[in-house]
Each structure stands twice: as C-alpha cells, then as structure tokens.
1. Mind telling me which of the residues LEU169, LEU194 ends up being touching a residue at least 40 places away in the same chain (Cβ under 8 Å), surrounded by 15 or more Cβ atoms within 10 Å (Cβ to Cβ) and aliphatic (A, V, I, L, M)?
2. From the list GLY257, GLY276, which one is closer than 26 Å to GLY137 by Cβ and touching a residue at least 12 places away in the same chain (Cβ under 8 Å)?
3. Look at ALA58 and say whether it is among the hydrophobic types (A, V, I, L, M, F, W, C), touching a helix residue (DSSP H, G or I) at 6+ places or on another chain (Cβ under 9 Å), within 22 Å of GLY269 (Cβ to Cβ) and not in a loop (DSSP other than H, G, I, E, B).
4. Provide a single number: the residues in segment 66-97 that are assigned to a helix (DSSP H, G or I) and in contact (Cβ under 8 Å) with a residue 40 or more places away in the chain.
5. Which number in (1) within 29 Å of PRO108 (Cα to Cα); (2) crowded, with 24+ Cβ neighbours inside 10 Å; (3) not hydrophobic (A, V, I, L, M, F, W, C) marks the one condition that SER225 misses?
6. Let me confirm something: among GLY106, GLY172, GLY165, which residue is modelled with pLDDT of 95 or more, assigned to a loop (DSSP other than H, G, I, E, B) and not β-branched (Val, Ile, Thr)?
7. Across segment 214-235, which residue is farthest from ASN255 (Cα to Cα) among those that are under 20 Å from the mean Cα position of the chain (by Cα) and part of a loop (DSSP other than H, G, I, E, B)?
8. Would you point out the residue of segment 254-289, among those that are charged (D, E, K, R) and in contact with a Gly (Cβ under 6 Å, 6 or more places away or on another chain), that is nearest to HIS231 (Cα to Cα)?
Amino acid sequence: MSGGLWGAVIGDALGVPVEFKGRDVRKKDPVTGMLGYGTFDLPPGSWSDDSSLMLCTAESLLDGFDTGRMSDLFVRWFTTGLWTPHGQAFDVGHGTRQAISAIERGTPAEQAGGTQEGNNGNGSLMRILPVALYCEGMAEEDILRHAHRASSITHGHPRAMMACGIYCLMTGALLQGMPPSDAYLNTMDSVKNLYRRRPFSKELPHFDRLLAGNIGALPEDAIESDGYVLHTLEAAVWCLVTTGSYRESVLTAVNLGLDTDTTAIVTGGLAGICYGMKAIPGEWQDQIVRKEDIGILFEKVVEKMSVK
C-alpha cells in the first residue's frame, strides 16, 4: 500500500514541471528524473491538485467511507490550501472547480459532479487510489459501488465512474500479487460481467481497446495522454504492462507528454503497488515537498487499511 501511495505522489511530481508540453518535445528532451520550475515555476518535488485531492481522499478514509466528509476536505483544499505543497491550490480542473462550487452552494456530495458527456475528464480517476486500498478484500460489486460514489463528487458521468471502478479492480488484483499482465486480463474479464447493466452497459464500447486484452500490443503513437479519463486509464495500463520497473513505468508516462502529472500519478499508483517501496528511487522520494507530512498520513492510512 505504501508503494502505491508514494508511487502516485512521486509520479505526479515528476510530471508537474513538464505538463502541457507535447510528446514531440519529450522525444527531443525526455524526462529522466525529478525536475523543478518549468510549467508552474515550482521547486523540484512539488505536486499538483492530483496529489492534493488524493491526500484529501486518504485523510477522509481514516474515519471510514463518507462522501460528505470527503467533499468537505475537497472544499478546504480549494479554499484554504489544505494538502497543497505551497499553501495554495493551483491547476484546478474545470469539472472539479464546478463541483466544489456546487457543494459550497449546498448540493449533496454525490450529486455535485457533472453528468454530461463533457464531464469525462480525469479529475476523479487521479484521486481514486485510496478508495481502492480501502476496498481491498471487498466483493467486486462493493468495490465498484465505492469507486462510483467517490467519483460522483466531481465526475458523475457513468464513463468516468467506470474508469474509477476499473482502476480500483486492477489495483485490487495487483494487491493480491498478480503480475501486471495477469492483473490487467483478470480485471477485464470481471469488467465485462460487472458492467453488463445500464447505464454502464452502453458505455462499454468506449472501453473496447482495454477490454480486448491486448492494450500492451499497441504502439506508443496509438496511446493518447490528454485529460480525457478514458485516455488516461488506457495510458496508465499501457505504461504498466509495457515496462518492467517503477522507474520505467512512470518515466514512460511522463514522456507521453501533455497531461503528464495525471498520467503519471495514475500509472505511479499501479506501479508502486506492483513493485513496492523498494523499487521507488529514494532520491525521488527525498525531494517530495512536505515529505514528512505525507509520510505521517500514509502511515496512518496503511495502519487503518490493515486492521479494517
């Protein structure tokens, strides 16, 4: 669990300085380690809203699964800088910003996320890992229910919720010790059955490339790395199954370009679970801003998840 949590934050921090730069730029100047400044002019080891919301999610789960408490922490992040690297939220996604405004106006947490076609950004997928850890050992249907509820706070379209559900199922398979390819194939087999009812069944064709079971055979040029939730999920699974280490997985994710922080946080969570803390370069972890604060939270999370 620690490997997944740290792996996610470190992936995010690797991607922050080069966010929005295209793949052509990365081909000429690939990221090979922790950088600083760049896109947001922040020091090395700074993490984005992706980690901020993941950390808020993790903190909320210390007292059990409660979307109201989770959404309250999201509001505190946005308004007071809770769980930010430098005291202020930045690079806030449009869907997340709209949902937080709705919550502040009194909309119930699970009704705040947008439900239209355009509400399929990756803003719930990027923060869902702690929910997957919380759900370890649950029945698959219960894992999906928790993932969907957590997603709906900011992203309530069935496609975005499904992406979160699929990610949580694959995380669970990796926690069982399955190697990447087996975890991927096992998850896809489950997904075909679990999402056979509406409104999810009509969304399944969007996931055809993943469901085919051969995402790793696709060339890099076929993998998109923008902010669309389906592209982020595809890219993360592709990065995991086509590489052989944590370092290689997250650097591959970052060097896809564009939404680098989110592709890398989603990839980093999977790779961190797969390869464990020992595989994460210590020099990367040492550079993470607020490393001690994050470490204390993660220790509490792991302890809580281990005894639930």
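The values are calculated or read from the model by the stated rules, or taken from the named source; none is laboratory data. Keep in mind it's a predicted model, so treat the numbers as computed, not measured. Don't worry about glycine lacking a Cβ; one is built from the backbone with ideal geometry, like all the others, and counts go over all protein chains shown.
1. Of LEU169, LEU194, the one residue that is touching a residue at least 40 places away in the same chain (Cβ under 8 Å), surrounded by 15 or more Cβ atoms within 10 Å (Cβ to Cβ) and aliphatic (A, V, I, L, M) is LEU194.
2. GLY276
3. It is true that ALA58 is among the hydrophobic types (A, V, I, L, M, F, W, C), touching a helix residue (DSSP H, G or I) at 6+ places or on another chain (Cβ under 9 Å), within 22 Å of GLY269 (Cβ to Cβ) and not in a loop (DSSP other than H, G, I, E, B).
4. So the count comes out to 7.
5. Tallying (1) within 29 Å of PRO108 (Cα to Cα); (2) crowded, with 24+ Cβ neighbours inside 10 Å; (3) not hydrophobic (A, V, I, L, M, F, W, C), SER225 fails exactly one: (1).
6. Working: GLY172 fails: assigned to a loop (DSSP other than H, G, I, E, B); GLY165 fails: assigned to a loop (DSSP other than H, G, I, E, B).
GLY106 is the lone residue from the list that is modelled with pLDDT of 95 or more, assigned to a loop (DSSP other than H, G, I, E, B) and not β-branched (Val, Ile, Thr).
7. Taking segment 214-235 first, the residues under 20 Å from the mean Cα position of the chain (by Cα) are 215-216, 223-235.
Adding the requirement that they be part of a loop (DSSP other than H, G, I, E, B) leaves 223-227.
On the way: ILE223: 12, GLU224: 12, SER225: 10, ASP226: 12, GLY227: 15 Å.
Applying the filter and picking the extreme gives GLY227.
8. Among those residues, the one meeting the criterion is ASP259.
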